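The values are calculated or read from the model by the stated rules, or taken from the named source; none is laboratory data. Since we're looking at a predicted model, the values are computed, not measured. Cβ atoms come from the backbone with ideal geometry, glycine included; neighbour counts cover every protein chain shown. These accessible areas exclude ligands, DNA and RNA; they are computed on the full protein's heavy atoms, side chains included. Shrake-Rupley method; radii C 1.70, N 1.55, O 1.52, S 1.80 Å.
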Amino acid sequence: NVEQTSLLLGPQYREGRVQVGVPFAFNYSRLGSEDYGWAVGGAPEVRYAAGDRVLLIASGLGQATEYWQRPERDGSIWSVHAAVRYSLSEKVYIEAGYRHTREDTRGGFLDNDLDAVHIALYAEIPWEIAIFVRPTIAQNGYDEREAAFPRSRDDDRVTLDVNVSREIFHTGFFMSVGYTHTDNDSNLPLFEFERDQVVVQISKDF
């Protein structure tokens, strides 16, 4: 049982077709009944409206990490992301994007690179309900071989995210229910898995 708490907080600036955000990013996680780890850093983002229907998105993430249960994994995470969003109407858009993530740790066998591509569909339907669906394909390669294994780890991962959200009685708060299915195929059988996650979230933009 994993519990995660995330916070993004910071200023946004809009001028014409350009919107820039520089939020502070914090993540905290628990594994079972024990503290597992935390990460702190920043997540800048730039959005540019290239036309009435096309939105270009570029973002980054840089965080220092600490894991109380796995101190050999302490280090940093860096990520860059680029996407193109096309609006089919005021209430429907499709998106395609690419993300590269680098994790550096105290142990070389945990250092890794992840490359992922996704497509997404967002639609507002009757009863003020919004639906978001995003399949992702990723490749995750590790730098070095762990002593217990014959080769360095190399994973291929398919993920499906589905999220349904609705504003709560016109208060500006939104409740969402998200479902994620992950299928991880690895060259090391120990790391092959299928995982289903359900997340309930209440959020508000200021």
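The stretch between Val18 and Asp196, if pulled fully straight at 0.36 nm per residue, gains 60.4 nm over its current Cα-Cα span. When you filter the GluC sites (Glu not before Pro) in segment 147-206 for DSSP loop state and at most 16 other Cβ atoms inside 10 Å of their Cβ, you are left with Glu192. Compute the label zone of Glu72 within segment 90-108: residues whose backbone N is under 12 Å from the point 7 Å along Cα-to-Cβ. Residues 106-108 fall inside that zone.
Relative contact order of segment 127-206, taken over Cα pairs closer than 8 Å and 6 or more residues apart, is 26 percent. Taken over segment 1-82, the percentage of Cα pairs per 10 Å bin, counting from 0 up to the bin with the maximum distance, is 17, 37, 26, 14, 5. Heavy-atom accessible surface of segment 116-206, averaged per residue, reaches 68 Å², computed with a 1.4 Å probe. Cβ-Cβ distance of Glu144 and Asp185, R₀ of 22 Å, FRET efficiency by 1/(1 + (r/R0)^6): the value works out to about 0.60. Counting protein heavy atoms only, the chain has 58 percent of its accessible area on carbon and sulfur, 1.4 angstrom probe. When the chain is treated as a Gaussian network with alpha carbon springs shorter than 10 Å, the biggest mean-square fluctuation among Phe193, Phe24, Phe132 belongs to Phe193. Along its first, second and third principal axes, ordered by size, the chain spans 54, 37, 31 Å in Cα coordinates. Farthest towards the positive end of the charge dipole of the chain, among the residues Gly141, His181, Ala83, is the Cα of Ala83, using unit charges on the Cβ of Lys, Arg, Asp and Glu.
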